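Notes to accompany the following structure.
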Amino acid sequence: MPYRPTEQTRRSAQAKRAAMLAAARGLVADAGFSAATVTAIAEGSGVSVGSVYSYFDNRDTLLAEVFRDAAEYEFAQVSAAVEAADGPIARLDALICTFADRALRGRRLAWSLLFEPVIPAVDTERLRLRRWYRELCVRVIADGVAAGVFADQDPDVTASALLGAISESLVGVLDPDMPDPDLLIATIRAFCFRALGALPPPEKEKS
């Protein structure tokens, strides 16, 4: 008779797999993808190295899933802020500020997601992440052009340029010792709005 897993064994297997992913996420958040070795993941989740390979085909597959989960969560936060804003100006401001603020307050993870040299399986996920942000930015810019609040321009080209400017502005400053992240965000948002031919909205007072 073939073995059939019980509900208890299925729950146990799910818990072990979740523990391995959580251990890998913690390693990436603390020290980047290079630190998430199979040995370190096994130690962090309290299983053997062999057990890791029982749940994942290889390290590449595991890390691609870790990247995908983290990227989807971060994008969801930015997307939600954009959708909650009223009008193209506010929506662009939400995109810039939410993206930059989350990156600067989770610098090690942001570096890993955006810039760290990674294996091809993870890089494939990174390209997908960039496409999501570009599509979101295109929609915001196109709405602003249609409403007449942004200068007439090609939203596809401008979205790529704008996201490149935001990302490049963060290179080298995703560093816990950076003194004034708020000043950097203010500079980025001012540049982006000038590039679109609009004035940024007044900054919100911090509570």
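Among the residues of the stretch 188-200, are any on the phi > 0 side of the Ramachandran plot, touching a residue at least 24 places away in the same chain (Cβ under 8 Å) and assigned to a loop (DSSP other than H, G, I, E, B)? For the stretch 188-200, residues on the phi > 0 side of the Ramachandran plot, touching a residue at least 24 places away in the same chain (Cβ under 8 Å) and assigned to a loop (DSSP other than H, G, I, E, B): present.
Return the total of residues in the stretch 168-185 being open to solvent by 100 Å² or more (accessible area, probe 1.4 Å) and either modelled with pLDDT of 90 or more or part of a loop (DSSP other than H, G, I, E, B) (or both). Don't jump to the end; show me each part of the working.
Going residue by residue through the stretch 168-185, those that are open to solvent by 100 Å² or more (accessible area, probe 1.4 Å) are 168, 176-177, 179, 183.
Of the ones still in play, those that are also either modelled with pLDDT of 90 or more or part of a loop (DSSP other than H, G, I, E, B) (or both) are 176-177, 179.
Selection size over the stretch 168-185: 3.
Only residues that are out of contact with any helix residue (DSSP H, G or I) (no Cβ under 9 Å at 6 or more places or on another chain) and within 24 Å of Gly197 (Cβ to Cβ) were counted in the stretch 94-149, giving 1. If the condition is being part of a loop (DSSP other than H, G, I, E, B) and touching a Lys or Arg at 6+ places or on another chain (Cβ under 8 Å), then the stretch 44-55 contributes only Val47. Across the stretch 186-200, the qualifying residues are those that are touching an Asp or Glu at 6+ places or on another chain (Cβ under 8 Å) and more than 21 Å from Asp152 (Cβ to Cβ), and the one among them that is modelled with the lowest pLDDT is Ala186.
In the stretch 56-71, the qualifying residues are those that are farther than 15 Å from Gln14 by Cα and not in a helix (DSSP H, G or I), and the one that is least open to solvent (accessible area, probe 1.4 Å) is Asn58. Hey, does the stretch 22-38 have a residue that's under 13 Å from the mean Cα position of the chain (by Cα) and of a type in the set (Asp, Glu)? For the stretch 22-38, residues under 13 Å from the mean Cα position of the chain (by Cα) and of a type in the set (Asp, Glu): absent.
Being touching a residue at least 60 places away in the same chain (Cβ under 8 Å), open to solvent by less than 30 Å² (accessible area, probe 1.4 Å) and not in a loop (DSSP other than H, G, I, E, B) is the requirement here; does Val28 meet it?
Numbers: touching a residue at least 60 places away in the same chain (Cβ under 8 Å): yes; open to solvent by less than 30 Å² (accessible area, probe 1.4 Å): yes; not in a loop (DSSP other than H, G, I, E, B): yes.
Yes; evaluated as a whole, the condition is true for this residue.
Here Ala90 meets the list (1) within 15 Å of the chain's Cα centre (by Cα); (2) aliphatic (A, V, I, L, M); (3) at pLDDT 95 or above almost entirely, failing just condition (1).
The values are calculated or read from the model by the stated rules, or taken from the named source; none is laboratory data. These numbers come from a predicted model, not from an experiment. Cβ coordinates were reconstructed from backbone atoms using ideal geometry, including for glycine residues, and neighbour counts include every protein chain displayed. Ligands, DNA and RNA are excluded from the accessible area calculation, which covers all protein heavy atoms including side chains. Shrake-Rupley method; radii C 1.70, N 1.55, O 1.52, S 1.80 Å.
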